[in-house]
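None of the figures in this text is laboratory data; all of them are computed from the coordinates on show. Since this is a predicted model, take the numbers as computed values, not measurements. Using ideal geometry, Cβ is built from the backbone for each residue, glycine included, and neighbour counts are taken over all protein chains shown.
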Amino acid sequence: MTRAVLQALAAHWRRNPLQFFTFLAGLALATALWSGVQAINAEARASYDAAAATLGEGRFDQLVPRAGDSLPQETYVALRRAGWQVSPVVEGVLRTDAGRVRIVGLDPLTTPGALSPVGGARDIDLNSFLTVGVLFADAATAGRLADLPQEVVTDTSVAPDTALTDVGVAQRLLDRPERLSRLILAPEQPMGLPPLEQVAPGLTRVAAQSGSDVGQLTGSFHLNLTAFGLLSFAVGIFIVHGTIGLVFEQRRGMVRTLRTLGVPLRRLILLMAVELLVLSLLAGGIGVVLGYVIAALLLPDVAATLEGLYGAQVSGGLQLRPVWWLSGLAIAVLGAGLAGAGALWRIARMPILASARPRAWAMAAGRGRWLQGAAAVLLLAVAAGIALADAGLIAAFALLGCLLIGAALALPLILGAVLALGQSRAKGVIGGWFWADTRQQLPGLSLALMALLLAMAANVGVSTMVSSFRLTFIDFLDQRLFADAYIRGVDRDRMPGIEAFLQDRGATVLPLLRVDSRLAGVPAELMGARVGPAYETNWTFVAARPEAWTQVAAGDAVIVNEQLARRAGLWLDDMLDLGGGLRLPLAGVYGDYGNPVGQAVIAEARFGVVFPDETPRQFGVLGLDPEELRSALGERFGLPPSSVVDQSSVKAFSLGVFERTFTVTAALNVLTLAVAGFAILMSLLTLSAIRLPQLAPVWAMGLTRGALARVELIRALVLAALTALLALPLGLALAWVLLAMVNVQAFGWRLPMYLFPLDYARLGLLTLLAAALAALWPALRMARTPVSQLLRVFANER
Amino acid sequence: MLLKVSGVTKSFAGAEGPVPVLSGVDLSLDLGQTMSLQGESGSGKSTLLHIVGGLDTVDGGRVLFDGRDVAALDEAGRAALRRSDVAVIFQQFNLIPSLDVSDNIRFQARLAGREDAAQVARLIEALGLGDHRHKYPEQLSGGQQQRVAIARALAARPRLILADEPTGNLDEATAGEVLDQMLALVGETGAALMVVTHSPAVAARMDRQLHLRAGQLA
């Protein structure tokens, strides 16, 4: 019996190959976008974990300098002598001909368990690690270190772009003799230790899992990607839901017959569920493969984004991790189950003698519209409540969810009202029929239209955010990069001489002093600037005291970037501890878009007092042509041309980083819109199969097949246009949430929102084009429907 | 002569080659006349009705409607003929589900550009549809739906009304009632009526009775 029932069930798909394709394609696309995003997230998290495992970040308490980016080795020795169980770490970037590599020096004798790659099961003996020098790196990084005299051992557990070695070797490679970056504290410390302030007053203790944990910093970015993946998955599930609804509706007759022939209802439901499971696993498998392709294509851009925004290193290669392909299959089964549960429930409750006549499938979907309306109002009200409360990143994403789902649920009701208005205003007979018939088709198309609404709103919202960001960023670059050229990458010892040389030639020189530090408990850069008219004219504050620049120039105040202000909870007039006993009030907060770290600026003179050993690492030069400057410095100091960077090159580079940062967002946008277009095509095609009995009488009364096809095309365009109109305000609301709430929480800066009417018009036209293309095939099928097929509608023996 | 059918042949593609359905049919029908067309299932009566109504085309022969050769018309010409001169009443009613009773009845009349509100109102009353004018087809019984289909056909004031088993889906009492109303109203309009039916009782009510057997009139 089971075999016979399965054959009967399979026969439906053989007779309706289009439905089979729609089901598989919808679920595969949904799974692909979801698992693609999950693959990217899994890869990134694995990189963070590798970094944490090798560097001890976030796992152990650490001692870091209160100010500056290093501490003397004597401090470490003093702490060990006092009984503190600490282990030294030296970090820095080594520039090789093949690129940059982060060098991390550890002491394998004192590192807390499992941090060091030597010892244990590893083949490298401790002696050669400590004496000759051995570096550990992944294969790609190892290739870049081939020219070093030290042996380089390939180790896949080391974070990307990082090499581990002994402290002494790292100090030699980085040219930091007798200096350490930080100290790792062993979890177990002896009793009765002298206080840290007494032994090492220049150090501060940072608790594990705080501050620099890159996993936490990037969490919002991954949440963002996951939200996009979920949105795409939802759009795909709309397709599957529509298909399953139609398939089960068309099978009502068969179900009744099978039950009449003695198949128990429970067995029937079970077999249909098994059928759904097998098909969803098949579609999920295809989706996972597609997801792998998507992830492989997008991962290099995501890696660039994460480095650009957060300085996080992520491997550019993709591995097949069980966690994501299993989750891909699971979500395919879950999605199909969600979409099919209602249909199976209806079949289970259907009386055995229920009418097998295919009823208006579409009309049945409209019954719960008041319930749907109530849910929409409730969700939109919750969204408004969250917006007013402004309660953090998770709440902001909850707001987005409520807003999008609420609007999607409200869409069929709003469209229904507009179509009813159209019907009441219609004058001609075809017009009246058109509006009435479109209303009738609405429930059958509403899932696809909801998908289109979400995809369009996401496009409007995200493109508004990105374009607003771009405008602000370009404006910001124009303000910040006001010097004609920048000199960088020169030995510190030569900088004072170069400065004097430039001043002799009448140039305005703006040296920039900088140390990496922790300010208000947050990793940050402390800068010393020669404050003057150039800064006052070009830098724009988000918030500032009226005399901010005067106070900074006098050494009486500090200004910070918006990221630092928001992360540390600082605002105007708050006091900021800058290290070395210097505490200054906050006089201004400036926009610093695209910078992943916090920043504080004080006057050059003040900086020199606190950090007398620091010399400028970079000069901004005004009043000299970059080409002249390049040749003059080459002749006088033998500087390579690459040490002089002109303003336009810096801007072009920054914009290039910016564009690449949002490539992944744009790609997901396009994919989501494509899935929505596919949803419309599939809905129209599946609807066209049950449309014939509705259109044949109109044809019989004197409308040609061509005229009916045109009406079908216009119907799709009208519905798409109405949806696009509704998507615009929704997309703008989405943009506002992204700019005013998500960005502030995730990146630490608030951006002004700009409107781009031409972009929206272009998107609207694209949507209409997508709808027209989607409707073209069903319309052509209508125009070419054989007369015999139309006449079969009227056949009494059909 | 409103309708003259001469030597009409028609065949459909079958698995083993063309299957003839009509093999040289001749008939004529004038305004005000009623005619029944009987025959076994597959004898070609519905096909003949479809050809006469401009819904289908012939393989051979001629169909003259008011002197015009229907077979020579292109699709747009046949659509125009169906719009203005012919109305079909189907066994399955084939109402437009998205329009209510009133709009369904007016639909073909408006297509033909001959809407007459008074006549529509009269048809609604005459067919007992007054209480249902704002209902949708799915809310009506079979008999009510067939009355709407009859009203739709008559409201357009066509010269030829074709009815394919108009009472085939109705019980005996309702069928008799609907037939009485249809014949009375067709009589009032002066249109010609061709009815395809299996029922000898229905056929007996027509002026002429024709039998189709294996694609030919018996």
- Working out 0.36 nm times the residue gap between residue A:81 and residue A:504, then minus their Cα-Cα distance, what length gain in nm do you get to one decimal? 147.1 nm
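What FRET efficiency comes out for residue A:109 versus residue A:516 if R0 is 25 angstrom and r is the Cβ-Cβ distance? Round to the nearest 0.05.
0.40
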- Note on the structure: Per-residue average of other protein chain Cβ atoms inside 10 Å, peptide A:691-703 -> 6
- Note on the structure: Amide H contacts under 5 Å for residue B:91, restricted to residues at least 5 apart in sequence or on another chain and with H modeled in the peptide plane, are B:164
- What ranking of A:35, A:683, A:463, A:788 emerges when the number of other C-beta atoms within 10 Å of each C-beta is taken as an exposure proxy, fewest first? A:788, A:463, A:683, A:35
- Message: Can you list residues from other chains, or at least 5 along the same chain, whose modelled amide H is less than 5 Å from the amide H of residue A:578?
- Response: A:583, A:584
- Query: Order of A:769, B:49 from fewest to most other C-beta atoms within 10 Å?
  - Reply: A:769, B:49
- Task: Take every DSSP beta bridge with both residues inside chain B and express the antiparallel ones as a percent of the total, to the nearest 5.
- Result: 50 percent
- Query: Can you sort A:165, A:110, A:156 so the residue with the fewest Cβ neighbours within 10 Å comes first?
  - Reply: A:156, A:110, A:165
- Message: Need the full-extension length gain, residue A:573 to residue A:281, defined as separation in residues times 0.36 nm minus the C-alpha distance. One decimal, nm.
- Response: 99.1 nm
- Among A:567-578, B:130-141, A:669-680, what's the highest-first ranking by average C-beta atoms within 10 angstrom per residue? A:669-680, A:567-578, B:130-141
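Per-residue Cβ counts within 10 Å, from other chains only, averaged over B:23-31: what number is that?
Going residue by residue through B:23-31 and averaging, the value is 0.
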- Full-extension gain in nm, residue A:652 to residue A:792, via 0.36 nm per residue minus C-alpha separation: 43.8 nm
- Query: Under the definition of partner shielding as Cβ atoms of other protein chains within 10 Å of a residue Cβ, what is the mean value for peptide B:95-103?
  - Reply: 5
- Message: Can you return the lysines within cross-link range of residue A:427? Criterion is Cα-Cα under 27 Å, with same-chain partners fewer than 8 residues away left out.
- Response: B:135
- Query: Taking θ as phi - 60°, what are the ³J(HN,Hα) couplings along the range B:64-79 by the Karplus curve (6.51, -1.76, 1.60), each to the nearest whole Hz, with x for Gly and Pro?
  - Reply: 9, 10, 6, x, 8, 7, 4, 5, 8, 7, 7, 4, 5, x, 5, 4
- Taking the simple approach of a point 7 Å from Cα along Cα-to-Cβ for both residue A:3 and residue A:692, what is their distance in nm? 3.4 nm
- Return the distance in nm (one decimal) between the two label points of a simple spin-label model at residue A:776 and residue B:117, each offset 7 Å from Cα along Cα→Cβ. 4.5 nm
- How many nm is it between the label spots at residue A:296 and residue A:478, if each spot is 7 Å from the Cα in line with the beta carbon? 4.4 nm
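Counting DSSP beta bridges in the protein assembly as shown, what percent are antiparallel, to the nearest 5?
65 percent
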- Distant-in-sequence amide H partners of residue A:153 (H built 1.01 Å from N, under 5 Å): A:135, A:136, A:137
